[in-house]
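Data block below; observations after.
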Amino acid sequence: MKKLILILGDQLDLDSAALKDINPETDEILMVESANEAQHVWSHKARIVLFLSAMRHFAEYLKSQGFSLAYIQHSPQSIVEELKSKIIKEKFTHLICVEPGEWRLKQLIEALSEELQVVLDMRQDSHFYCTHSEFKEWVADKKELRLEYFYRLMRKNHGILVDQDGNPEGGQWNFDRDNRKPFPKKGPGLIPPPELFEPDAITKTLIAEVEERYPDHPGSLAHFQWPVTRQQALQALEGFVEHRLATFGIYEDAMWTDTPFGWHSLLSSSLNLKLLNPREVINAVVAAWKKEDLEMATVEGFIRQILGWREFVRGMYYLDMPQMALDNFYNHQNRLPAWYWTGDTKMKCMQEAIGQTLEYGYAHHIQRLMVTGNFALLAEILPKEVCDWYLAVYIDAIEWVELPNTAGMALFASGGRFTSKPYIASGAYIKRMSNYCGSCQYKPDIRFGEDACPMTNLYWNFLIQHRTQFEASPRTRLMTANLSRISEADQQAITIHAKGLLGDLNSL
Ligand SMILES: Cc1cc2nc3c(=O)[nH]c(=O)nc-3n(C[C@H](O)[C@H](O)[C@H](O)COP(=O)(O)OP(=O)(O)OC[C@H]3O[C@@H](n4cnc5c(N)ncnc54)[C@H](O)[C@@H]3O)c2cc1C
Ligand code: SF4
């Protein structure tokens with residue numbers, strides 16, 4: 001019996017199920033840096049550096065623990081090709097791994113083990129609260145798949161923010177309504193900065209390597225300060241809980257120029273690489289709430305993201321793949337405007353959201369959902385092109401979390417399979433939640449004509465095109481009721497203006 005343990009780049013978990021019963025004397029670990037993977041998904045330079053640096057640091061740790069590790073740098077082959085040659089060359093009989101997050105890779109590894117007739121021991125990812133089978137069980141008797149009910153069940157099952165009778169702490173399950181404030185008119189004021197980490201020798205080497213090997217990839221490395229080790233990730237968590245959590249909730253949706261991070265945690269990349277366990281994040285937040293008497297709205301709002309959304313979208317991804325990647329409910333076919341890759345657009349909101357994305361590999365949820373995502377939906381862009389963009393440009397982007405958020409949530413490509421309505425908004429929403437419109441050449445209140453805000457024009461156009469769908473649901477009927485207050489002549493002008501925009505998105 002000869003065992004090979006595969007550790008993927010987003011499985012840097014010291015408590016990994018794959019390492020549980022490892023025999024350091026006889027078993028070997030394989031980690032592969034695949035250039036092929038970096039090209040398979042067109043990728044922000046910071047995303048490549050983050051993955052590879054975290055992998056190299058993890059490899060150092062494994063070596064320091066005396067494990068036998070084969071670490072392949074910059075392989076021109078795919079992970080599965082490397083795995084195949086190693087198994088054949090060194091005659092491994094057993095392959096152990098944690099189930100990959102990415103559906104495609106899981107299929108490829110299963111097919112390979114079949115082809116080579118090795119015993120595959122693919123273990124559940126203990127990082128998550130909800131297993132795939134628990135999620136399937138929850139889905140089985142549901143007419144509608146909605147986050148809210150799944151999240152309540154998770155709270156109860158795991159005893160998080162519930163009293164001993166299973167009732168929600170604070171008297172309600174959901175404090176969303178308290179968490180939607182814009183920044184004050186004068187601006188966000190002084191926000192304590194997130195924990196940032198100066199690149200060490202390993203990261204500096206990688207920055208140079210990535211600049212040399214992937215010069216054409218999007219994004220900047222000038223501000224690369226993401227956590228790449230478990231220690232740094234823990235420090236980032238501590239810093240967030242101590243300095244930023246208290247104000248996270250209230251300004252969760254707010255946007256402001258030159259304020260790329262707001263009060264957000266910036267923990268997604270550490271969570272997704274498994275440098276941090278969601279349990280330790282939630283425990284730290286609950287402990288701070290008990291100790292410091294924090295507002296329930298901020299604590300609940302934060303925990304909902306991790307215990308609710310993060311687990312829910314993972315469940316949906318595995319449930320609906322591979323169909324989810326093909327879904328295109330509205331049959332949108334427009335190409336992604338070239339300026340999504342440069343930020344070179346006259347729309348201030350898009351300039352800001354894309355600009356900071358290219359600068360840092362980061363934008364917060366509302367920027368992703370209600371700015372870049374909202375525009376992509378209103379502009380009728382092909383979901384595949386939008387999903388490829390999201391997967392490329394964010395440092396936390398991994399398909400299991402990116403795809404359901406982009407296709408399912410932002411683009412309504414799955415046709416309301418797990419969201420109750422399309423998330424669309426006009427310039428009025430962006431004006432309310434940010435200061436972007438103040439320095440934009442367009443006017444958020446104007447629906448057509450030279451100064452018309454493209455968000456606003458395309459929003460009304462979308463409602464006109466899909467009036468029947470929106471009228472059919474009580475959740476969206478109010479939107480079409482507003483439409484009926486616009487005169488027929490103005491509706492026609494909106495449609496004509498929109499046709500012009502949709503035919504020439506690159507010029508915006
Ligand atoms: C179109 C679109 C694409 C997205 N792509 C990704 C992606 O590739 N990777 C990713 O991790 N998140 C993605 N998200 C979710 C969310 O925007 C990011 O998790 C969040 O902005 C990360 O920043 P933060 O760590 O400061 O989060 P915070 O706002 O501080 O939230 C705390 C944590 O909650 C989790 N979380 C919050 N919202 C979600 C959500 N909707 N789904 C899953 N987890 C969530 C994250 O782990 C995050 O770190 C996407 C959202 C949208 C609308
Ligand atoms: S006016 Fe319209 S395009 Fe300009 S920033 Fe506001 S919402 Fe964006």
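The values are calculated or read from the model by the stated rules, or taken from the named source; none is laboratory data. Everything numeric here is computed off the predicted structure, so don't read it as measured data. Quick reminder, even Gly has a Cβ in these numbers, built from the backbone with ideal geometry, and neighbours come from all protein chains shown. Calculation scope for accessible area: heavy atoms of the full protein, side chains included, ligands and nucleic acids excluded. Shrake-Rupley method; radii C 1.70, N 1.55, O 1.52, S 1.80 Å.
Amide H of Ser68: which non-local residues (sequence gap of 5 or more, or other chain) have their own amide H closer than 5 Å, using H built in the peptide plane?
Close amide H contacts, sequence-distant or interchain: Ile29.
Starting at the first residue of the stretch 415-431, write each ³J(HN,Hα) from the Karplus equation 6.51 cos²θ - 1.76 cosθ + 1.60 with θ = phi - 60°, in whole Hz, x for Gly and Pro.
Values, residue by residue: x, x, 4, 9, 10, 7, 7, x, 7, 10, 8, 8, x, 4, 5, 5, 5 Hz.
Over the chain, what is the percentage of antiparallel beta bridges among all DSSP beta bridges, to the nearest 5? Don't jump to the answer; show the numbers that get you there.
On the way: 1 of 21 bridges.
Taking every DSSP beta bridge within the chain, about 5 percent pair in antiparallel fashion.
Lysines near Lys45 by alpha-carbon distance under 17 Å, same-chain residues fewer than 8 away left out - which ones?
The reachable lysines, counting only those whose Cα sits under 17 Å from Lys45, are Lys204.
Less than 18 Å apart at the alpha-carbon level, and either on another chain or at least 8 residues along: which lysines does that give for Lys186?
Partners within reach: Lys431.
What do the square roots of 5 times the Cα gyration tensor eigenvalues come to for the chain, in whole Å, largest first, as semi-axes of the equivalent ellipsoid?
Working: eigenvalues 305, 135, 112 Å².
Equivalent ellipsoid of the chain: 39, 26, 24 Å, largest first.
Using the Kirkwood formula on the Cα atoms of the stretch 3-123, what hydrodynamic radius do you get, in angstrom to one decimal?
Working: mean 1/r = 0.0684 Å⁻¹.
For the stretch 3-123, the Kirkwood estimate is 14.6 Å.
Can you give the Kirkwood hydrodynamic radius of the stretch 163-269 from its Cα pairs, in Å with one decimal? Mind dumping the intermediate values first?
Numbers: mean 1/r = 0.0596 Å⁻¹.
Its Kirkwood hydrodynamic radius stands at 16.8 Å.
Within 14 Å, Cβ to Cβ, of Arg146, how many net charges do the neighbouring residues add up to if Lys/Arg are +1 and Asp/Glu are -1? Could you put the intermediate results ahead of the total?
On the way: positive: Lys142, Lys143, Arg152, Arg304, Arg417, Lys421, Arg475; negative: Asp141, Glu144, Glu148, Asp176, Glu311.
Result for the local shell: +2.
As a test of the formula, what do you get for the chain when each DSSP H run with n ≥ 4 contributes -39,500 (n - 2.57) and the sum is divided by the residue count, at 222 nm and rounded to the nearest 500 deg cm²/dmol? Provide the component values of the computation, followed by the final result.
Details: 22 runs with 225 residues, N = 508.
Per the formula, -13000 deg cm²/dmol.
Which residue, Thr456, Phe375, Ser434, has the largest displacement toward the positive end of the dipole of the chain when charges sit on each Cβ (Lys, Arg +1; Asp, Glu -1)?
Most positive-ward Cα: Thr456.
Between the stretch 275-302 and the stretch 183-259, how many Å separate their Cα centres?
Here the two parts' Cα centres lie 20 Å apart.
Within the chain, which DSSP H helices have Cα atoms that stretch 24 Å or more along the helix axis and a mean Kyte-Doolittle hydropathy of at least -0.5?
For the chain, where a helix must reach 24 Å along its axis and average at least -0.5, the hits are 45-64.
For Lys91, Lys274, give me the order by solvent-accessible area with a 1.4 Å probe, most accessible first, ignoring ligands, DNA and RNA. Don't skip to the end; give the middle numbers.
Details: Lys91 150, Lys274 15 Å².
Sorted descending by solvent-accessible area, the residues read Lys91, Lys274.
Which semi-axes, in whole Å and largest first, does the equivalent ellipsoid of the stretch 344-467 have when worked out from the alpha carbon gyration tensor as the square roots of 5 times its eigenvalues?
Details: eigenvalues 104, 70, 24 Å².
So the three semi-axes of the stretch 344-467 are 23, 19, 11 Å.
Students often forget the sequence filter, so: which lysines lie under 20 Å Cα-Cα from Lys3 once same-chain residues fewer than 8 apart are removed?
Lys20, Lys63, Lys84, Lys86, Lys89, Lys91, Lys106
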